[in-house]
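What follows is one structure encoded as structure tokens, with my remarks underneath.
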Amino acid sequence: MVKKLLYNSLLVFIFFNLASCIVNAPKYTTVEKVLNLKIGQSKGEVSLLLGTVPYNLILMTDSETTLLYKYRVTDRTTLPFLLKENNGKKIKGRYVNLLVTYDKDGLSKKIESCSNCDETIVQEKRVDINKVITFLTITLPIALVFLGITTLK
């Protein structure tokens with residue numbers, strides 16, 4: 001009975017922690033793909049090269065349309081005392097806004113990055129490692145001692 005209760009409690013704990021590993025973030029492209037863009041490309045060509053659709057509409061007038069795309073820079077991580085120009089492990093960095101302005105014919109006429117156009121907030125729900133460690137180091141040993149005492153009786 002106690003083993004089954006402990007087992008079910010552990011399953012519920014694992015389920016709720018795994019269910020909270022959901023991230024809400026925009027679709028984005030990479031810097032390498034952004035660098036392949038050229039003036040004079042159509043909206044379809046830009047979306048095809050970037051591999052994503054526009055994130056937002058910034059401006060639409062009779063003569064031009066400005067669309068917002070998202071791309072992500074590549075950062076690196078390394079230990080402070082090993083810091084050099086190009087060492088470390090590559091990691092995904094922050095989101096950057098890419099504004100592409102199209103003329104009335106639908107061809108790109110201006111491509112620029114904009115850091116203050118739209119702040120991207122990534123909502124993350126991750127497993128709190130401190131809670132997992134607390135659970136493993138306190139709750140499980142107590143449960144095991146309890147199970148050991150009940151089996152000795």
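At a glance:
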| read-out | value |
| --- | --- |
| Carbon and sulfur %, accessible surface of the stretch 55-108 computed with the full protein complex present, 1.4 Å | 52 |
| Under the Karplus curve 6.51 cos²θ - 1.76 cosθ + 1.60, θ = phi - 60°, whole-Hz ³J(HN,Hα) for the stretch 99-114, x wherever Gly or Pro sits | 9, 10, 9, 10, 7, 5, 8, x, 9, 5, 10, 8, 10, 8, 8, 9 |
| Per-pair calculated FRET efficiency, R0 = 35 Å: Leu107 and Asn86 via Cβ, rounded to 0.05 | 0.40 |
| Under Karplus coefficients 6.51, -1.76 and 1.60, residue-wise ³J(HN,Hα) of the stretch 52-60 in Hz, glycine/proline x | 8, 8, x, 7, 7, 9, 9, 8, 9 |
| Listed peptides 29-38, 85-94 by packing density, highest first (mean Cβ within 10 Å) | 29-38, 85-94 |
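The values are calculated or read from the model by the stated rules, or taken from the named source; none is laboratory data. Worth saying up front: this structure is predicted, and the values here are computed from it rather than measured. Cβ atoms come from the backbone with ideal geometry, glycine included; neighbour counts cover every protein chain shown. What goes into the accessible areas is simple: the full protein's heavy atoms, side chains included, and nothing from ligands, DNA or RNA. Shrake-Rupley method; radii C 1.70, N 1.55, O 1.52, S 1.80 Å.
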